[in-house]
Amino acid sequence: MTNYEDEIKHIIYQSFLRKLNKQEKETLTFWLSESEKRRKWYSELTHDAAKLSEYLKHYHEAINSRDKTWEIIKNGISPNYEDFKPNLLLFFQQYWRIAASILLIMGLSFYVYTIKDSENKASLLYNASIDQFNGTYLTTEDGKKINLEEQDKDNQGNMINLSRAEMNQITNSTSKNNLELQSIQTSAGKQVHFELTDGTLVWLNTNSSIIFPKKFNNKERKVKIKGEVYFEVASDPTKPFIVDVDDKNDIKVLGTKFNVQAYPENRNIKTSLIEGSIQLSTINMLEGPILLKPGRQAIYQVASKTKTDNKSPFKVQSLVNPASTIAWKSGVFSFDDKTLKDILIEIGRWYQINIWIKGEVPDKLHLNGEISNEIQLLDLLDALKPYGITYQLKKNNLELKLNTSI
């Protein structure tokens, strides 16, 4: 293999990391201009995650098989992708370690910024002791606890699924008082899906909780939450469904599908409406409640307690990808257009570890991709290596050093 061939192979690889300088871009453009076959091959890579993953696989195996990668490039021959279906979840299940190393590369539209090295002491980005729960339980008003993991006989993966019959059996065993309040809390790395007595479906994300009565009264259906919860509310025009979000927001609905994220470390509450309509209000509002429409998200800054004339405390914006917002309830980490900082906090929350950072994390660095939440922590961290991010894991503390340009 010639030096020129080595250079082209390296430039193509760098192009998928968005790390080309001006001269390298010119070299790549010239190389592609020489052949329609090359341009077609390169275009296929940029639009097909499976083909891209195969190419990157060969690149990382170049030490043992250097000529194979060049033959693919030189001839513009697409390999046999029969075993590489363009379904990211299936791909990751088959190729954990390879997938972890290329996960963040697969997002072909992301912003490129510089991560500057810093010799300062590591700063704490995520504290795993914040509002963490130990175990996944249903707790009664008098303090009795029922381990929900033991109640789900068909428990597979990280999601505990409880049918309406199973929930009735659990709640009926606790007390005969229908107005008694009960709570469900999830531990790190666990989620719960269950049905309330009115038929409303609830998905509870990791490190989250919900308080609800054993049976709703005749006037309203009210619950209180912390963390992240997705609701599919059963329609009942005579009894509005009200969600008290950690004593900060009230969400009033009649029948709809929506997601609420209210983790204390986020310092904001995000309410995302998938279907139907909801009203949002808070004690800081000078005017009446706001009405949220499908495909919209309302963000409430918890730290902001000052009343502002003629301004709502909610910032309303469009949901670019509603499916990504609720992907967690399907057992998936979705990093679609999330900042690196948000991703690291999500990792700390799920695996219940403290995240320490050495270096500056650009707020506007966005990444794309998704992966099953059953992936091992170290495999997920390997996805950060192409960006020059190194890590040390000691017991419950993960220290990341950001020391290169991307």
Sole residue being under 18 Å from the mean Cα position of the chain (by Cα) and either of a type outside the set (A, V, I, L, M) or closer than 21 Å to residue 204 by Cβ (or both), chosen from 302, 245, 320, 332: 332
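So which residues in the range 261-280 are of a type in the set (Asp, Glu) and either closer than 10 Å to residue 300 by Cβ or within 17 Å of the chain's Cα centre (by Cα) (or both)? Outline the logic, then answer.
Let us first name the residues in the range 261-280 that are of a type in the set (Asp, Glu), namely 265, 275.
Scanning the range 261-280 gives a single hit, 265.
Go through 342, 382, 336 for me and flag whichever is modelled with pLDDT under 85 and farther than 21 Å from residue 14 by Cα.
Testing whether each residue is modelled with pLDDT under 85 and farther than 21 Å from residue 14 by Cα leaves just 336.
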In the range 253-265, the residues that are crowded, with 16+ Cβ neighbours inside 10 Å and either of a type in the set (Asp, Glu) or in a strand (DSSP E or B) (or both): 253, 257, 258, 259, 260, 261, 262
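The values are calculated or read from the model by the stated rules, or taken from the named source; none is laboratory data. All figures in this text were calculated on a predicted structure; none of them were measured in a lab. Because the Cβ atoms are built from the backbone with ideal geometry, glycine has one as well, and the counts that use them run over all protein chains shown.
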